[in-house]
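One structure is given below, encoded as structure tokens.
The values are calculated or read from the model by the stated rules, or taken from the named source; none is laboratory data. Not measured: the values here are computed from a predicted model. Neighbour counts run over all protein chains shown; Cβ positions are idealised from the backbone, glycine included.
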Amino acid sequence: MPSVPRSVPVFVSYARADEASLDLLVSAVAALDDSTVELRFDLQIPLGEDYFERIFDDILASPVVVFMVSKAFLASGATQKELAYAQAAQGAGTAAILPVILEDCPWRETPLKAFQALPPGSKPVASHDDRQQVWRIVASGIAEAAARFAAPRRNPDLKLFTDAEIVQLLRNLEGALKALVMAAAPFPIAPTHLLIDMQQLEAKRATYRDELKARIGRL
């Protein structure tokens, strides 16, 4: 039976002032009709959910983290925090960092200078005459990076899931277990074994998160 490439989460960090560029990126990726790319960004976070906890989870679950770099990006405390998260994940081997240079700015004076950037040659998007074409090139570059993580693993000696995928699976399973506990609430016998499993899952997830947060403190 042929293997089907997995959908790869790609987290996008950007400054609020560059939301129009985010829209162009989303459209360009959608136009590729590439099922391996699943863009994630802050506008998808439900109201009432802990913002930075969700951002941290999404970065951990994304093998590719895209940074849309501009003057506003470099001046934003939120995006710099996201960069620290991604550096920790990258240092742990669970994420690849991919800068997208939107405009001329001193990005080479930041940790992003260590990573190959898009568009090719690190020429800013704003410096291209054909903006539609350059966004297609950027989208294709992101898809190419994601494809490295989408290839199915056939070697039985390899791990079935990356660390980032395990974090996401634990997160999904945690939600499912909570739903089961809530559904069982009206019954006289509480599903204590489910509660214990949830505590064990949360402990494992918290340990993984603490290790990466410790890395952030050493950056």
- Hey, any hits in the stretch 100-115 for a residue that's surrounded by fewer than 15 Cβ atoms within 10 Å (Cβ to Cβ) and modelled with pLDDT under 80? no
- Residue among I55, I101 that is farther than 24 Å from A150 by Cβ, in contact with a strand residue (DSSP E or B) (Cβ under 9 Å, 6 or more places away or on another chain) and among the β-branched types (V, I, T): I101
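Scan the helices (runs of 4 or more DSSP H) fully inside the stretch 38-126 and keep the ones with 1 or more residues being within 14 Å of the chain's Cα centre (by Cα), in the same structural domain as V138 (by TED's automatic domain parsing) and in contact (Cβ under 8 Å) with a residue 40 or more places away in the chain.
The helices (runs of 4 or more DSSP H) meeting that bar are 51-60, 77-91.
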- Task: Filter the stretch 104-118 for residues that are out of contact with any strand residue (DSSP E or B) (no Cβ under 7 Å at 6 or more places or on another chain) and either within 22 Å of R136 (Cα to Cα) or among the charged types (D, E, K, R) (or both) and give the result.
- Result: D104, R108, E109, K113, Q116
- Query: Residues in the stretch 11-29: is at least one part of a loop (DSSP other than H, G, I, E, B), within 16 Å of the chain's Cα centre (by Cα) and at pLDDT below 90?
  - Reply: no
- Count of residues meeting criterion [among the hydrophobic types (A, V, I, L, M, F, W, C) and over 23 Å from A139 (Cα atoms)] in the stretch 35-73: 3
- Message: Return the residues of the stretch 116-153 that are surrounded by 15 or more Cβ atoms within 10 Å (Cβ to Cβ) and under 14 Å from K71 (Cβ atoms); say none if nothing qualifies.
- Response: P124, V125
- Item | K81 modelled with pLDDT of 90 or more and out of contact with any strand residue (DSSP E or B) (no Cβ under 7 Å at 6 or more places or on another chain) | no
- Item | Checklist (1) under 15 Å from A146 (Cβ atoms); (2) out of contact with any Phe, Trp or Tyr (no Cβ under 8 Å at 6 or more places or on another chain); (3) surrounded by 14 or more Cβ atoms within 10 Å (Cβ to Cβ) applied to A30, failing item | (3)
